[in-house]
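Here the structure is laid out as structure tokens; the discussion comes afterwards.
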Amino acid sequence: MDKEVRKLIREETQRRDDSINLIASENYASKDVREALGSVFLDKYAEGYPAERYYAGNGVIDALEKLAIQRARKLFSVSSGEWDVNVQPYSGSPANLAVLHALIPRGEKIMAMSLAMGGHLTHGHKASVTGKIWEQVPYGVDRLREEIDYGELLHIALVARPKCIIAGGSAYARKIDFKRMRTIADEAGSILFVDMSHFAGLVAGKMYPSPFPYADVVTTTTHKTLRGPRAAMIFSKKNYSPAINKAVFPGIQGGPHMNQVAAIAVALHEAGTPAFRKYASRVIENAKALANELERLGWRIVSNGTDTHLFLVDVAHRGISGGVASRELEKAGIILNKNMIPFDARTPGDPSGIRIGTPAMTTRGMGMREMRYIAGYIHAILLKKNVAETKKMIKILAKKFPIAR
Ligand SMILES: *Cc1c(COP(=O)(O)O)cnc(C)c1O
């Protein structure tokens, strides 16, 4: 490889090894996943679907795509009689766009948690193409408990009568009651679309409620808690899948990245093992331990805790902005992101909160004891106590839990 890129790879490897990664949407894929990504599948054009390709030479590719689909159904315990799976989306954003493009006429209403309350850009935010093509009807959390208020949600849905209701987001720490979401969708005459990108690995590990008994469509990225390659999948009930497949290709995408599909297949296999189930349980255990310890140190945790791999800390409560907090922590070797909190009085550019997640450090083998250390380090850095000493300890702790190569 050329020297310049080689050098950057070396630098990034060093950066990762030396820091504590609390970005809730990140993880470290296995060597097998990376090997599949760099495999010969990288080079093949395979526009179309198994047995319906536009190019020759796709016999092996067909077997690969069918294997990935079969493993996806098996992992989430869904039957081939009821659910189809599309494993071609390049990532979560095109997957969500494809679902909306397939099922929702232009200009119609889509109801989703607003970005500011913990939703995702691709659920109809104005800055996203989804917010330009469709009209978002936002919902959020209640002020007191900072959890979804299903009564309010029903009320909004009955007034707006959206074509679909999206459940799932990127900064919501609590379990979602999919059964109630189904009832609300039925009463409003809406499709129930669950975006499980963040918690898919927890569903796979049976540590979070499965949306499949209730949803019409489920999308997920494969690189977050699921710990696979950067890619996505769309599960849909049989009546929706022909339109969705057409929306993915040729609607939005061209040739599928078959190396990603190979890596998805590998990750789905890994996620079906008892070791992964243990991992999912430890991810949540660690998030709870970290949130509890921060709370003990006087930090306000949004919704008072977490059921998942992530939570939000209201740092503005102690007079620090989310932007300043994430910058100071980065300088000390703790990597996370600033985040809006519900009813945020500050701006998205410098919000009141930080988002903390445990999938990556749990992959590196950390447990509850290390979570308590990390809480102490965050506390020290943000309150500027023993900064130099704390930075050293952060680096030592990170190095004690190397990333598997
Ligand atoms: C991460 C995420 C996406 C988008 O995924 P990309 O792969 O970054 O495009 C979509 N929806 C939710 C809820 C997410 O968390």
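The values are calculated or read from the model by the stated rules, or taken from the named source; none is laboratory data. Quantities reported herein were computed from a predicted structural model and do not represent experimental measurements. We place every Cβ from the backbone using ideal geometry, glycine too, and count neighbours over all the protein chains shown. Quick note on the areas: whole protein, heavy atoms, side chains included, nothing else; ligands and nucleic acids left out. Shrake-Rupley method; radii C 1.70, N 1.55, O 1.52, S 1.80 Å.
Overview of values
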quantity: Enumeration of residues in region 63-106 that are hydrophobic (A, V, I, L, M, F, W, C), closer than 13 Å to Val261 by Cβ and touching a helix residue (DSSP H, G or I) at 6+ places or on another chain (Cβ under 7 Å); calculated: Leu64, Leu67, Ala68, Ala72, Val85, Val87
quantity: Cβ pairs under 8 Å, 6+ apart, first in region 166-188 and over 19 Å from Val302 (Cα atoms), second in a loop (DSSP other than H, G, I, E, B) and near the ligand (Cβ under 10 Å from one of its atoms); calculated: Ile166/Gly119
quantity: Residue in region 6-17 that is open to solvent by 30 Å² or more (accessible area, probe 1.4 Å), among the charged types (D, E, K, R), under 24 Å from Val283 (Cα atoms) and touching a residue at least 60 places away in the same chain (Cβ under 8 Å) present; calculated: yes
quantity: Considering residues of region 61-72 that are in contact (Cβ under 8 Å) with a residue 24 or more places away in the chain and open to solvent by 10 Å² or more (accessible area, probe 1.4 Å) only, the residue nearest to Ser25 (Cα to Cα); calculated: Arg71
quantity: Checklist (1) within 16 Å of the ligand (Cβ to nearest atom); (2) open to solvent by less than 10 Å² (accessible area, probe 1.4 Å) applied to Leu290, failing item; calculated: (1)
quantity: Some residue of region 72-87 being within 13 Å of Ala265 (Cβ to Cβ), within 16 Å of the ligand (Cβ to nearest atom) and assigned by TED's automatic domain parsing to the domain that holds Asn239; calculated: yes
quantity: Any hit, region 184-202, residues being under 19 Å from Gly131 (Cα atoms), among the aromatic types (Phe, Trp, Tyr) and not assigned by TED's automatic domain parsing to the domain that holds Thr308; calculated: yes
quantity: Answer residue from region 204-217, given it is crowded, with 24+ Cβ neighbours inside 10 Å and touching a residue at least 60 places away in the same chain (Cβ under 8 Å) and is nearest to the chain's Cα centre (by Cα) among those; calculated: Ala204
quantity: Hits in region 320-348 - residues which are more than 21 Å from the chain's Cα centre (by Cα) and open to solvent by less than 70 Å² (accessible area, probe 1.4 Å); calculated: Ile320, Ser321, Gly323, Val324, Ala325, Glu328, Leu329, Ala332, Gly333, Asp344
quantity: Residue check for Arg106: within 22 Å of Ala188 (Cβ to Cβ), more than 16 Å from the ligand (Cβ to nearest atom), open to solvent by 60 Å² or more (accessible area, probe 1.4 Å) and in the same structural domain as Lys224 (by TED's automatic domain parsing); calculated: yes
